[in-house]
Amino acid sequence: MTPGPVELVHRLRAAGCVFAEEEAALLAEAADDAAHLDQLTARRLVGEPLEQVLGWVAFDGLRLRVRPGVFVPRQRTTFLVQVAADLAPQGAMVADVCCGIGAIAAALTARRADLDLYAADSDPVAVALARENLPDRVGTGCGDLLDALPARLQGRLGMVVANTPYVPSGQIAHLPVEARAHEPLPTLDGGADGLDVQRRLAQRAPRWLAPGGYVLTEIAATQRDAAVAAFTAAGFQATVRISEEWGSGVLVARVPLAGGA
Ligand SMILES: C[S@@+](CC[C@H](N)C(=O)[O-])C[C@H]1O[C@@H](n2cnc3c(N)ncnc32)[C@H](O)[C@@H]1O
């Protein structure tokens, strides 16, 4: 039988949903009818992320489409968007690699209309969603890191922004069931210390960047020294910004300006 509003809240709370009242209201709003509400509730009760059940995620003031089987953008990534919006040169070409559903590129498009944005990911399901979430003028591609971008962008990007997988392999088992069971492992697993994808990005990005261009990546505060070392070894000047407000860190790496300035 379809649960009433109070029973729905109780069931969600019993399943471990901290914001049971809010979730109950959102599920009720998303359901077409009582049978549909039953289906959505059943999915949520077994730990499917609320956003995958609803079909959307709120990110940086936008409502973006999400479906099962992709990474759900985290609110903490707003900090990466803020730093990118502050540092991107006027009119720059900017690539969001490891773009997932395109949350960072979508937010930058909304915040900085002057930027020429591209977005790419190795997962075709994620790229299809990014295509739905991004305006036509944002180019998208599917492939490994920067390889998915048009070759004509080599040496011309003002910024590469990337929320790569960065969870150390040994910590995957300790993630909440929402992530462990409902987001693909390649969206989370960053190798032994979490920085495998970032090290590859550090090696490959210089060929794509204009002089003085940036790479910005999200990191955990515990990864700051290793991330700075990885990008410094690849020829970047690297620093880290930590946000207490968002509970996240951003590595800011810059290739030297032409002439070494
Ligand atoms: C942590 S998720 C972040 C997604 C998105 N940037 C966001 O913040 O919502 C990491 C993304 O990187 C992608 N990915 C993993 N390895 C990749 C690679 N070698 N090249 C391109 N994308 C990759 C995954 O498919 C996943 O969408």
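The values are calculated or read from the model by the stated rules, or taken from the named source; none is laboratory data. Predicted, not measured: the structure shown is a model, and the values here were computed from it. All Cβ positions, glycine included, derive from the backbone under ideal geometry; neighbour counts span all protein chains shown. All accessible areas refer to the heavy atoms of the entire protein, side chains included, with ligands and DNA or RNA removed. Shrake-Rupley method; radii C 1.70, N 1.55, O 1.52, S 1.80 Å.
Structure data summary
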quantity: Enumeration of residues in region 32-48 that are within 16 Å of HIS182 (Cα to Cα) and outside any loop (DSSP other than H, G, I, E, B); calculated: LEU40, THR41, ALA42, ARG43, ARG44, LEU45
quantity: Members of region 130-145 that are within 10 Å of the ligand (Cβ to nearest atom) and surrounded by fewer than 22 Cβ atoms within 10 Å (Cβ to Cβ); calculated: GLY141, CYS142, GLY143, ASP144
quantity: Residue in region 55-69 that is within 30 Å of LEU216 (Cβ to Cβ), open to solvent by less than 20 Å² (accessible area, probe 1.4 Å) and free of Cβ contacts under 8 Å to residues at least 60 places away in the same chain present; calculated: yes
quantity: Candidates GLU23, GLU51, GLU29, GLU7 - the one that is in a helix (DSSP H, G or I) and modelled with pLDDT of 95 or more; calculated: GLU51
quantity: Check on VAL57, within 12 Å of the ligand (Cβ to nearest atom), assigned to a loop (DSSP other than H, G, I, E, B) and not assigned by TED's automatic domain parsing to the domain that holds THR217; calculated: no
quantity: Members of region 93-102 found to be open to solvent by less than 10 Å² (accessible area, probe 1.4 Å) and either more than 8 Å from the ligand (Cβ to nearest atom) or not assigned by TED's automatic domain parsing to the domain that holds ARG137 (or both), listed by number; calculated: VAL94, ALA95
quantity: Selection count, region 225-261, where residues are at pLDDT below 95 and surrounded by fewer than 19 Cβ atoms within 10 Å (Cβ to Cβ); calculated: 10
quantity: Region 103-122, residues that are in contact with a helix residue (DSSP H, G or I) (Cβ under 7 Å, 6 or more places away or on another chain), surrounded by fewer than 21 Cβ atoms within 10 Å (Cβ to Cβ) and part of a loop (DSSP other than H, G, I, E, B); calculated: ARG112
quantity: Close pairs from region 134-153: first on the phi > 0 side of the Ramachandran plot and of a type in the set (A, V, I, L, M, F, W, C), partner within 12 Å of the ligand (Cβ to nearest atom) and not in a helix (DSSP H, G or I), Cβ under 7 Å, at least 6 apart; calculated: LEU145/VAL97
quantity: Residue in region 165-176 that is open to solvent by less than 10 Å² (accessible area, probe 1.4 Å) and either more than 20 Å from ALA227 (Cβ to Cβ) or within 14 Å of the ligand (Cβ to nearest atom) (or both) present; calculated: no
quantity: Subset of region 195-228 (residues that are closer than 30 Å to LEU50 by Cα, over 15 Å from the mean Cα position of the chain (by Cα) and of a type in the set (Gly, Ala, Ser)); calculated: ALA221
quantity: The lone exception for ARG67 - which of (1) within 12 Å of the ligand (Cβ to nearest atom); (2) in a loop (DSSP other than H, G, I, E, B); (3) touching a Leu at 6+ places or on another chain (Cβ under 7 Å) it fails; calculated: (1)
